[in-house]
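Report on the structure given below.
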Amino acid sequence: MTKHLSRRGAARTLTGTAVVALGALALSACSSGGAAQREAAEFSATYDGPAVTLSYWNGFTGGDGPFMQGLVDRFNEEHDNITVESNTVEWAEFYQKLPAAVTAGEGPDVGVMHVEQLSSNAARGVIDPVDPLLDGLGLTADDFTSAIWDAIEHDGARYGVPLDVHSLAMYYNTEHFEDAGIAEAPTDAESFAEALDALQEAGYEHPFWMPARWPGHLMFLSGQWQGGGEPYAADGSAATFDSPEGVASLEWMRSVVDDGYSPGDVAQDAQYVAFKNGETSITFDGIWQINDLEESGLPYAAAPVPAVLGEPAVWASSHQFFLPHQQSPDADKVAAAQVFIAWMSEHSGDWAQAGMIPARESVRTSGVLDGTVQEPIAEAIDTMRFLPPVPGLGTIQSETLEVAVADGVLGVRSPEAALSEESGRATSLMEENLARFGG
Amino acid sequence: MSPSTAHAVDAPAPGASAPATGGRRHGRSPIAPAPATPWLFLAPFLALFGTFVLLPAGLGVWISLHDWDYTFVSHPFVGLRNYLDLLDPSSTSGGPFWESMRATGVFTASSVPLLLVVPLLVALMMNARFPGRNFLRAVYFAPYVLGVAVISVLWRYLLDTNIGPVNHYLGLVGLPDATAWLTSQPAAWVSLVAVTVWWTLGFNAVIYLAALQDIPAELYEAAQVDGASVAQRFWNVTLPGLRPVLMFVTVNTIIMSANMFGQSYLMTEGGPGRSTRTAIMRIADTGLSSFQMGSAAAMSYVLTLVLMLLSGVVFWLFRDRDAVRTRANVRTREKVRS
């Protein structure tokens with residue numbers, strides 16, 4: 001439930017963040033260090049210095065949390081002079097807290113964040129480049145899909161060490177599919193429509209609940225990419241999610257409701273709960289939900305999101321190790337943190353148990369995914385698409401695109417009107433950001 | 001409160017006799033405390049108040065005059081631009097801000113009257129004598145002890161259009177069962193206001209109850225002897241007796257309602273559209289997600305100003321008209337005498 005819960009912690013912890021922020025204000029007011037250009041730390045493959053304790057921040061609060069802790073415990077056992085202490089907070093809180101903490105000199109020694117957040121934090125000087133680390137580990141573009149290799153770059157430097165990729169997946173209830181006589185998971189517009197009709201004929205009145213909120217915007221992005229459109233200009237100068245492909249994507253989402261395959265007004269989380277209760281037959285959600293579904297005992301399977309709007313394409317993100325910027329770096333800790341990241345990258349195959357897909361091709365094809373639920377999705381890794389690395393884009397997207405998608409699905413505004421209004425708003429925000437971050 | 005405060009100031013502070021000699025020069029009474037004494041008594045509170053209220057408030061004004069992104073090194077001074085941007089509805093900060101101020105206004109205007117009247121009715125009921133009274137008092141107060149996250153997540157599931165029990169039971173008794181409580185308007189406001197009233201009415205009710213118990217029973221007896229009806233007793237004895245508390249409750253409820261954040265953040269996510277995005281939500285997003293502290297601080301001060309004006313109006317409405325008249329009479333008499 002990592003993603004599902006991701007925004008909720010923020011209300012509770014707002015005060016805490018505000019206090020940290022205030023501390024940061026007080027400190028930054030008197031500091032005069034440069035934030036614009038960050039120096040990359042030199043690579044070290046091993047660490048044999050004095051015993052150090054590393055603080056490691058991440059947002060694995062869901063079913064993936066115990067797997068990460070298991071890996072950390074193993075690392076600690078194997079390294080006598082390095083102790084890694086995890087600090088796990090909700091992602092939404094994480095992204096508010098990290099810049100404040102790093103600016104105040106209270107940041108962690110190492111951490112994990114989503115790939116689309118790297119550029120924002122790099123532009124703010126919150127994280128340092130990791131090029132020497134990537135080189136030292138022998139990680140090159142060859143071991144990753146080009147989409148992910150491009151997404152970790154900002155201003156000519158790379159800022160993340162990819163741990164995994166995780167995309168949307170199509171989950172379906174295998175009992176319902178059997179009842180409806182569907183032998184194979186639908187893969188395109190035609191087979192998907194046939195499946196919905198067959199399910200309705202088999203007595204499943206609403207086989208595909210269409211969510212207005214999470215993960216509605218991810219379904220929308222996948223649809224726009226399938227149609228060949230792009231939601232944002234790659235240079236961050238404009239929002240283009242109101243392109244004809246975008247409008248087609250949102251119109252399709254609304255048509256699922258209009259055609260009676262989904263009830264109207266599906267509020268946050270309702271479609272997932274309905275799927276777990278066997279009330280709906282198909283749902284699109286992140287692969288990080290696999291462990292939750294396994295525990296529920298539901299008869300289900302996962303398949304790549306069908307190419308309903310054109311060519312196969314699906315929204316994806318990736319967890320990335322990063323090195324936070326240190327106001328007064330401790331060479332021992334920086335070296336130990338790199339050893340930790342290197343070890344984690346080597347062991348990313350074990351991370352597959354958390355429902356994720358290892359980012360490195362060499363690990364992915366080593367057999368760690370054989371027989372897992374996510375195996376068929378991992379095979380579609382070349383169709384996975386990432387948001388462009390534009391600083392500040394995440395905040396803009398949640399304020400504009402997500403509102404447009406929700407309104408379109410709810411029928412509050414027409415898809416075209418909602419998208420063009422919000423896209424215009426997003427463009428002016430992006431222009432402001434471009435000026436702020438210096439292009 | 002005031003008699004005891006006066007007492008503390010009048011009483012000689014221990015060890016204050018030596019500096020008091022200096023005070024005598026100014027013709028003060030020998031038992032008057034040293035000038036520093038009241039400040040020393042106030043110091044513990046002032047330290048906290050200064051650190052956590054005055055200093056941040058002052059720093060906030062300073063921040064609001066800058067383009068202040070605390071992850072950046074430089075915070076260019078922009079004068080009043082943050083405020084001017086807010087006044088310009090076509091700017092990226094102004095438009096959404098006034099949208100959210102409007103949402104806050106809608107919520108405040110619809111929740112405050114309910115939160116003034118319903119708890120009063122509850123308090124009047126709880127002030128009567130009947131078996132199980134203490135239990136019911138606890139029941140009415142119980143929701144208030146829950147956190148906003150708890151009640152919001154709870155009600156989000158209860159009110160869900162498709163899988164929520166509320167619509168399910170409405171359907172069972174033959175009422176419309178397809179109301180989109182959280183994703184359509186005006187149903188979303190109805191839900192948010194109803195949940196908030198359910199959640200916080202216990203607090204106001206307890207304050208009313210304490211005030212009701214402070215009204216002397218003799219006044220009711222006297223009114224009864226004079227032949228006043230129940231309604232007349234309520235109007236002429238209960239309400240005037242509640243006036244000071246009513247003013248506190250009104251101002252407090254307005255401020256609490258205007259600060260509404262958690263319910264719409266968690267139950268409706270500001271939707272449908274941006275209709276339930278409140279001012280505090282907007283300020284939090286601007287300051288803590290977009291890191292635009294300058295703009296967020298400016299928004300906070302605009303909201304504060306509005307709340308101060310509102311509070312002023314409430315104070316004026318609840319002013320003690322009799323007392324004002326008496327003072328005026330005294331003044332007139334003094335003038336006549338001189």
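If you take every DSSP beta bridge fully contained in chain A, what fraction is antiparallel? Give it as a percent rounded to 5. Spell out each step's value before the answer.
Details: 24 of 37 bridges.
So the antiparallel bridges in chain A amount to around 65 percent.
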Dipole magnitude (debye, nearest 20) for the protein assembly as shown, charges at Cβ of Lys, Arg, Asp, Glu | 6840
Dipole magnitude of the range B:92-319 about its Cα centre, charges +1 at Lys/Arg Cβ and -1 at Asp/Glu Cβ only, in debye to the nearest 20?
-> 120
In degrees, nearest ten, helix A:244-258 long axis to first principal axis of chain A (Cα) = 60
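Fewest to most neighbouring Cβ within 10 Å: what's the order for A:GLU175, B:GLU218?
Working: A:GLU175 13, B:GLU218 8.
Ordered from fewest to most neighbouring Cβ atoms within 10 Å, A:GLU175, B:GLU218 come out as B:GLU218, A:GLU175.
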Where labels lie 7 Å past Cα in the beta-carbon direction, separation of A:GLU361 and B:VAL173 in nm = 6.4
When averaged across all projection directions, what area in nm² does the alpha-carbon convex hull of the range B:92-319 cover?
-> 15.5
Expected integer from the mean partner chain Cβ neighbour count at 10 Å over B:69-80 is 5
Bin width 10 Å, alpha-carbon pairs only: give the P(r) of the protein assembly as shown as whole percents, running from 0 to the bin holding the largest distance.
-> 2, 11, 19, 22, 18, 12, 7, 4, 2, 1, 0
What list of whole percents do you get for P(r) of chain A, with Cα-Cα distances grouped in 20 Å bins up to the one holding the largest distance?
-> 25, 57, 17, 1
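Over all residues in B:257-270, what is the mean tally of Cβ atoms on other chains that come within 10 Å of each residue's Cβ? Before the final figure, lay out the partial values.
Numbers: counts 0, 0, 0, 0, 2, 5, 1, 0, 5, 6, 2, 3, 10, 5.
Across the residues of B:257-270, the mean count of other-chain Cβ atoms within 10 Å is 3.
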Hey, what angle do you get for helix A:216-226 against the long axis of chain A, alpha-carbon based, 0 to 90 degrees rounded to 10?
-> 80
Computed magnitude of the charge dipole of chain A (debye, nearest 20; Cβ of K, R +1, Cβ of D, E -1) | 1500
Rounded to the nearest 10 degrees, the helix A:91-103 long axis (Cα) sits at an angle to the longest Cα principal axis of chain A of 20
Residue among A:TRP315, A:VAL339, A:VAL363 farthest towards the positive dipole end of chain A, charges placed on Cβ = A:VAL339
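Count charges around B:VAL122 for me, please; just the other residues with Cβ under 15 Å from its Cβ, Lys/Arg as +1, Asp/Glu as -1. Write down the numbers at each step before the final one.
Values: positive: B:ARG133, B:ARG137; negative: none.
With Lys, Arg at +1 and Asp, Glu at -1, the net is +2.
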Which of A:ASN76, A:GLN96, A:GLY65, positive extreme of dipole for the range A:64-108 (C-beta unit charges) = A:GLN96
Partner chain Cβ atoms within 10 Å, averaged over the residues of A:209-216 - can you pull that number for me?
-> 2
Given springs between every Cα pair under 10 Å in a Gaussian network model of chain A, which of A:PRO391, A:PRO329, A:PRO306 has the largest fluctuation?
-> A:PRO329
Burial ordering of B:THR183, B:THR161, fewest other beta-carbon atoms within 10 Å first | B:THR161, B:THR183
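Counting other C-beta atoms within 10 Å, which of A:PHE340, B:PHE72 has the fewest, and how do the rest follow? Walk me through the numbers before you get to the answer.
Values: A:PHE340 22, B:PHE72 19.
Sorted ascending by nearby Cβ count, the order is B:PHE72, A:PHE340.
Express as a percent, rounded to the nearest 5, the fraction of DSSP beta bridges in the protein assembly as shown (both residues included) that run antiparallel. Let's see the in-between values first.
Numbers: 25 of 38 bridges.
Looking only at bridges with both residues in the protein assembly as shown, the antiparallel portion is about 65 percent.
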Putting +1 on Lys and Arg Cβ atoms and -1 on Asp and Glu Cβ atoms, find which of B:LEU159, B:MET281, B:THR179 reaches farthest to the positive end of the dipole of the range B:92-319.
-> B:MET281
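Readers should treat all values here as calculations from the given coordinates under stated rules, not as data from a laboratory. These numbers come from a predicted model, not from an experiment. Positions of Cβ are generated from backbone atoms using ideal geometry, with glycine treated the same way; all protein chains shown enter the neighbour counts.
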